[in-house]
1. Could you check Asp59 against (1) touching a residue at least 12 places away in the same chain (Cβ under 8 Å); (2) more than 20 Å from Ser151 (Cβ to Cβ) and say which number it fails?
2. Taking the range 110-158 as the search range and keeping residues that are in a helix (DSSP H, G or I) and among the aromatic types (Phe, Trp, Tyr), which one is surrounded by the fewest Cβ atoms within 10 Å (Cβ to Cβ)?
3. Residues being over 17 Å from Leu155 (Cβ atoms), within 22 Å of the chain's Cα centre (by Cα) and of a type in the set (Ser, Thr, Tyr): count how many of those fall in the range 30-75.
4. Return yes or no: is Ser351 among the hydroxyl-bearing types (Ser, Thr, Tyr), modelled with pLDDT of 95 or more and open to solvent by 10 Å² or more (accessible area, probe 1.4 Å)?
5. Which condition number does Gly161 fail, the rest of (1) open to solvent by less than 50 Å² (accessible area, probe 1.4 Å); (2) in contact (Cβ under 8 Å) with a residue 40 or more places away in the chain; (3) of a type in the set (Gly, Ala, Ser); (4) out of contact with any Phe, Trp or Tyr (no Cβ under 9 Å at 6 or more places or on another chain) being met?
6. Got a sec? Which of Gly303, Gly269 is farther than 19 Å from Pro230 by Cα and at pLDDT below 95?
7. For the range 203-243, which positions are farther than 25 Å from Asp54 by Cα and loosely packed, with under 14 Cβ neighbours inside 10 Å?
Amino acid sequence: MGVFHLLHHEHQARYDKMFPYLWAYVILLAMAGFVMDTPASILRGLYTIIITEDALITDYVLVAGPGAALVNSSIVTAISVILLYAARDTLNGMTLVEMGLMSGFSLFGKNFVNIWPILAGTWLYTRVRREKLAGNIGIGLMATALAPIVSYIALDNGWGGPVQGVLVGVAIGFVMPPLATYTYRIQNGMNLYNVGFACGLVALICVPLMASLGADPTTHYRWAKGYEVPFGLYLGVLCVLLILGGLFWAKRPVWAAWAGYRRLLQTSGRAPSDYLRMFGPAPVCINIGVNGLIGMSFLLLTGGDLNGPTVGGILTIMGFSAFGKHAFNILPVMGGVALGSLVMDWSLTDSAVQLACLFCTTLAPVAGYFGWGYGVLAGFLHSSVVLYTGSPVAGMNLYNNGFSGGLIAIVLYPTIMAIARHRRPVLQEEDYFDQLEGDRPVMPPEPKELKEEE
C-alpha cells in the first residue's frame, strides 16, 4: 500500500515543476511592461483599462499604452497561476493553454477586475454541485472571454451598474462548466476553442437581453500600430529560448527531443490531444517556440501589425501548442485564410482578418485529421464567417473565432465524414473534465486513426 500511495503522489505531482516556469513567465511579462513605460504611466494606464468598455476590438496597447497592457497581462496571469495552485488543479497541457489564453487576451479585453465575477460563478457552481474546484477552474478561467459583458454592464452603458455587472458575471461563470462539456461533444474535437463556442452561445442570449433592457452595445475597433519592433523582439527572443530550452535544457538528449517533436508533428491534433502527456516537456517547448515564430512571421509577411490583439493571438497559438496545434496542421488553415483574401472583398491587412489569420488555427484538427485540402477549406470558410459572427454579440465574446470555428466544425465534420469518408459520424464519447483532470502520460494515437463507424 505504501508503494501505491507513493506512486499515486508522484502521479499527482507529475507536472508541479511547471509552477516556477509559470512564475518566470509572469515576471517576464511585467519586466517587458516596465521596460516599455514608466511606473507612473503604467499606473494611469491600469486605471484606464479598468474603466474602459472592453468589447472587441479594444486594444489596451492603444487605450492605455504598451507598458500598462503588459503589466495587466502579468497580473491576470499571476491571478490564474494562484487560482490553479489554490484549487490544486492538475497541471497538464491544458494548463499551458490557459496561460496562453489569459496572458494573451489580457492585452485586449480581460483585466484584473472584470474576470472575478465569472470566476466566482464557477466557484459557486462547484459548491452547488459539490464538485472539486480543480476540474472546473480551467473552464472558469477560459469563460472570462465574456468579461467584456461584466465591464459593459458595470460601467452603466445604457443599462445596469456594478451590482448588475457582478450578478450577470456570476451567472455566466455558473452555466459555463456544464455548457462547455456539452458543446465539446457536438464539435467532435475539430474546434480547439471549445469554450469560445460555448461563450458565443451565452453571448447570443445575453446581448439581446441587454439590448431589450435599454443597453445599446456597439462594436469597437481600437487598434494600435507601430509596435512591430519591440513586440517582435520580445516574442522572437521568447520563442528562440523555448526552442533552445526544449533541445538542450529539458534533461533529454537533443536527438530524443527532436525525435519527439517529429512524432508530435504526425498527430492530427484532434481534441483532446494533450501533447505534454503524450510527448513530455522537451518536444512541447520546441513546438511552442516554432508555432510562435510561424504566427509572427505569417502576420508580418502579410503586412499585419504587432499590437495587443495580434500578440494575444500569437500567445494563444503558443498556448495551444501544448494541446493540438503544430506546424503541419496550422499552416493549411492559415493558408485558407490567405487564399480567401485573393477572392473575397476584404484584405489581409484588415484588423479583423489579421486576427482571423491567427485564431483560425482553432480548426487545425480538420487539417490534421482529414488532410491539408480540408484544412485549407476550413480556413477559407472561417475567414468570412468570423467577420459576421461578432456582430450579433456586439464584440462581447472575446473568443469570437472559437464561436465561428465551432459553427464550421459542426457543419464540416459530418459532411466530410459522410461524403468523403463514407462513414457515419458519431459524437465523441470522451468526457471533457476527465481530459482536463489527468496528468499521467498517454500514448499518442496512430496518425489518421479513425474511430467512426463504417
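1. If we test Asp59 against (1) touching a residue at least 12 places away in the same chain (Cβ under 8 Å); (2) more than 20 Å from Ser151 (Cβ to Cβ), just (2) comes out false.
2. Of the range 110-158, the ones in a helix (DSSP H, G or I) are 116-129, 137-154.
Filter once more, keeping what is among the aromatic types (Phe, Trp, Tyr): 116, 123, 125, 152.
On the way: Trp116: 17, Trp123: 19, Tyr125: 21, Tyr152: 27.
Only one residue fits best here, namely Trp116.
3. Of the residues in the range 30-75, 2 are over 17 Å from Leu155 (Cβ atoms), within 22 Å of the chain's Cα centre (by Cα) and of a type in the set (Ser, Thr, Tyr).
4. On the way: among the hydroxyl-bearing types (Ser, Thr, Tyr): yes; modelled with pLDDT of 95 or more: no; open to solvent by 10 Å² or more (accessible area, probe 1.4 Å): yes.
So Ser351 does not fit the description; no.
5. (2)
6. Values: Gly303 fails: farther than 19 Å from Pro230 by Cα.
Sole residue among the options that is farther than 19 Å from Pro230 by Cα and at pLDDT below 95: Gly269.
7. Listed by number, the residues that qualify are Val229, Leu233, Val237, Val240.
Here's the yes/no breakdown for (1) touching a Phe, Trp or Tyr at 6+ places or on another chain (Cβ under 8 Å); (2) on the phi > 0 side of the Ramachandran plot:
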site	(1), (2)
Leu331	no, no
Gly335	no, no
Ser347	no, no
Ser351	yes, no
Ala356	no, no
Thr362	yes, no
Gly371	no, yes
Leu377	no, no
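The values are calculated or read from the model by the stated rules, or taken from the named source; none is laboratory data. Quick caveat: nothing in here was measured; it's all calculated off a predicted structure. Positions of Cβ are generated from backbone atoms using ideal geometry, with glycine treated the same way; all protein chains shown enter the neighbour counts. These accessible areas exclude ligands, DNA and RNA; they are computed on the full protein's heavy atoms, side chains included. Shrake-Rupley method; radii C 1.70, N 1.55, O 1.52, S 1.80 Å.
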